[in-house]
Structures are given as C-alpha cells and as structure tokens.
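The values are calculated or read from the model by the stated rules, or taken from the named source; none is laboratory data. Note that the structure is predicted; figures quoted are calculated from it, not measured. Cβ sites come from the backbone with ideal geometry, for glycine too, and all protein chains shown count toward neighbours.
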Amino acid sequence: MNRATPSAWAACCRRDCKPGVVPFPRGRDEGSQKKDMFVLGNFIAAVADIIDIALKIYMWIIVIRAVLSWVHPDPYNPIVRLLYQVTEPLMAFVRRWIPLRGMGIDFSPMIILLAIFFLQRFLVPSLIQLSYYFR
C-alpha cells in the first residue's frame, strides 16, 4: 500500500506541520483505481441503452415509411417530409450498394431492418457485457 504511516499523519496534525503538506502520497493505489472504473462501466452501459433506444426509434421510422409508401401520402405534409428526410440518406446508400431494381419491390427497408436487428442483438449486448467488466 502507498499510504503513510499513522505516525506521519499524527506529525502532520501537530501545529508545527507546514501548510499544504499532505501525509499521503499523491499517487493512487490499486483500490482507488478499481473504484473509479465503475464510472466507465456505467458510462458504457448508458451509451448501450441510448444506442438501443435510438435503434428502436429508427426501426419504427423505417416501418412507418414503408407503410406510407403503400398509400402514397401528400408529399408536402411536414410529417411525411420529416420521415423521408430522416430515412432517405440510409435507404439511398443501401439502394446504391444493393441494386435490386426491376423487381418492383424496394428491399432497402428490409435490409436496414435486418441491420438494425443485428446491431441490437450484437452491439448492444456486447457493450453491456463490457460495462460489467469495468464494474
């Protein structure tokens, strides 16, 4: 242990001790480092929860957009425009890399949903397990 002896503490508490003198060394021992790691574990668990919630919200936005594509809503509706602005960058990326044109069905929402399910089943539990390692 890196702690000072009780006699050093008693010497510092006397009146002849210089101000600003600390009886304990400035370095940290192993126990305090272990105690500080729980903060990192809690932070990683919180990030995992936020990622999980964001993936669930985006999954529902993709599902709503797919359902709206069947009914052809007003394109000037602000909600429809928001849904298209939020989902189109990722859907265009998927359409560019997986060209399934000519089939009549847009498979990009299903591919994005599969990617979201994969991230929810792999990334989020991995982060949670990593957070337990630091606790």
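Quick one: which helices (runs of 4 or more DSSP H) sit completely within region 29-135 and have at least 2 residues that are of a type in the set (D, E, K, R)?
30-71, 78-97
Looking only at region 69-101, count every residue that is within 25 Å of the chain's Cα centre (by Cα) and of a type in the set (S, T, N, Q) and tell me the total.
Matching residues across region 69-101 total 2.
Considering only residues of region 105-116 that are of a type in the set (Val, Ile, Thr) and surrounded by 13 or more Cβ atoms within 10 Å (Cβ to Cβ), which is farthest from the chain's Cα centre (by Cα)? Can you show your working first?
So the first thing to find is which residues in region 105-116 are of a type in the set (Val, Ile, Thr), and the list is 105, 111-112, 116.
Still in the running and surrounded by 13 or more Cβ atoms within 10 Å (Cβ to Cβ): 111-112, 116.
Values: 111: 22, 112: 19, 116: 14 Å.
It comes out as 111.
If a residue must be under 11 Å from residue 127 (Cα atoms) and of a type in the set (Val, Ile, Thr), how many such residues does region 51-68 contain?
Qualifying residue count for the region: 1.
Considering only region 60-68, I want to know if a residue exists there that is modelled with pLDDT under 95 and over 27 Å from the mean Cα position of the chain (by Cα).
yes
Could you give me the residue pairs with C-beta distances under 7 Å whose first residue belongs to region 106-122 and is polar (S, T, N, Q), whose second residue is at pLDDT 95 or above wherever it lies, and which are 6+ apart or on separate chains?
Pairs that qualify, where the first residue is polar (S, T, N, Q) and the partner is at pLDDT 95 or above, are 120/52; 120/55.
Whether any residue in region 82-104 is surrounded by 11 or more Cβ atoms within 10 Å (Cβ to Cβ), closer than 30 Å to residue 133 by Cα and at pLDDT 85 or above is what I want to check.
No.
Being surrounded by 14 or more Cβ atoms within 10 Å (Cβ to Cβ) and within 29 Å of residue 132 (Cβ to Cβ) is the filter here, so list the residues in region 50-79 that pass it.
51, 52, 55, 58, 59
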